[in-house]
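So the structure is just underneath, and the comments pick up after that.
Nothing in this text is a laboratory measurement; each read-out follows from the coordinates by a stated rule. Owing to the predicted nature of the structure, the values given are computational and were not obtained by experimental measurement. Don't worry about glycine lacking a Cβ; one is built from the backbone with ideal geometry, like all the others, and counts go over all protein chains shown.
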Amino acid sequence: MKFFIDTAEVADIKAMAETGLVDGVTTNPSLIAKSGRNILDVICEICDIVPGPVSAEVAATDFETMLAEGRKLRALRPNVAVKVPLTWDGLKTCKVLADEGTKVNVTLCFSANQAILAAKAGAAFVSPFVGRLDDIGQDGMQLISDIVEIYQQYPDFTTEVLVASVRSPMHVTDAARLGAHVATMPASVLRQMAAHPLTDKGLAAFCADWAKTGQSIL
Ligand code: E4P
């Protein structure tokens, strides 16, 4: 399973990339706005830190402008994945960019049928938003289960299921259990994945006992 970081904060990306556990990055217009930075600058910087796919989202909603934006974004660095919304214009853009050899991440996916269309359009990734479905009382993880099951029926579908809108470590556990290819999450969730009170307690006890031995390994 691959882990992407869902942020446009370069400092967070640098810190997490140093762990060697970050396979890619996802951004979106809201995250770029939050960073207060120019999208082209920030995407280049992120791409130079993380060699894996870095999703950069188009801002337009019509096919022609989305295509032009997508071509500009992909020219920034070889590891840019162009992110387009799951609309008819977005799917059309996906198909053209994918046929040109560009990795496309089709985002804002909220149904299995939308995910089927993304795969048909040649998307490298489809991003179902589990947290936003949970927020409106629907079962986000059931959608992941449905998409994984459907994609498994069609070996010619090469689209990876990128679990997005992840809000907690439990989302990651559930996504992994279902065999999703990727989970993208805020750096805080990745950090939480390593945390356990019994780990902290156990380590404190080991350190205290070790100090009593007066030994040194080095
Ligand atoms: C994914 O690519 C999106 O940027 C992201 O996961 C959205 O998450 P949110 O619902 O927490 O905004």
Selection from the range 103-145 of residues that are near the ligand (Cβ under 10 Å from one of its atoms) and among the aliphatic types (A, V, I, L, M) = LEU108, VAL130, LEU133
task = Only residues that are in a strand (DSSP E or B) and surrounded by 23 or more Cβ atoms within 10 Å (Cβ to Cβ): list them for the range 89-116, please.
result = VAL104, ASN105, VAL106, THR107, CYS109
task = Among the residues of the range 174-191, write down those that are assigned to a strand (DSSP E or B) and farther than 17 Å from ALA124 by Cβ.
result = MET185
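So that you can scan it fast, the table gives a plain yes or no per residue for (1) in a loop (DSSP other than H, G, I, E, B); (2) crowded, with 18+ Cβ neighbours inside 10 Å:
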residue: GLY131; (1), (2): no, no
residue: GLN138; (1), (2): yes, no
residue: LEU143; (1), (2): no, yes
residue: GLU149; (1), (2): no, no
residue: GLN152; (1), (2): no, no
residue: PHE157; (1), (2): yes, yes
residue: LEU162; (1), (2): no, yes
residue: VAL166; (1), (2): yes, yes
residue: VAL172; (1), (2): no, yes
remark   = Residue hits (the range 28-65; assigned to a loop (DSSP other than H, G, I, E, B) and surrounded by 16 or more Cβ atoms within 10 Å (Cβ to Cβ)) are ASN28, VAL50, GLY52, PRO53, VAL58, ALA60
task = Return yes or no: is ASP48 touching an Asp or Glu at 6+ places or on another chain (Cβ under 7 Å) and of a type outside the set (A, V, I, L, M, F, W, C)?
result = no
request  = Report the residue count in the range 153-175 for those that are over 21 Å from ALA81 (Cα atoms) and out of contact with any Gly (no Cβ under 8 Å at 6 or more places or on another chain).
outcome  = 10
inquiry  = Quick test for you: out of VAL189, VAL182, pick the one residue that is surrounded by 10 or more Cβ atoms within 10 Å (Cβ to Cβ), free of Cβ contacts under 8 Å to residues at least 24 places away in the same chain and under 26 Å from ALA56 (Cβ atoms).
reply    = VAL189
request  = Take the range 192-218 and flag every residue that is polar (S, T, N, Q) and in a helix (DSSP H, G or I).
outcome  = GLN192, THR199, THR213
note = Matching residues in the range 16-27 (over 18 Å from VAL80 (Cα atoms) and either within 14 Å of the ligand (Cβ to nearest atom) or surrounded by 13 or more Cβ atoms within 10 Å (Cβ to Cβ) (or both)) number 2
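If you go through the range 117-129, how many residues are surrounded by 18 or more Cβ atoms within 10 Å (Cβ to Cβ) and under 15 Å from LYS95 (Cβ atoms)?
9
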task = Could you give me the residue pairs with C-beta distances under 6 Å whose first residue belongs to the range 121-144 and is touching a residue at least 12 places away in the same chain (Cβ under 8 Å), whose second residue is among the basic types (Lys, Arg) and away from the ligand (no atom under 12 Å from the Cβ) wherever it lies, and which are 6+ apart or on separate chains?
result = ALA121/LYS95; GLY122/LYS95; ALA124/LYS103
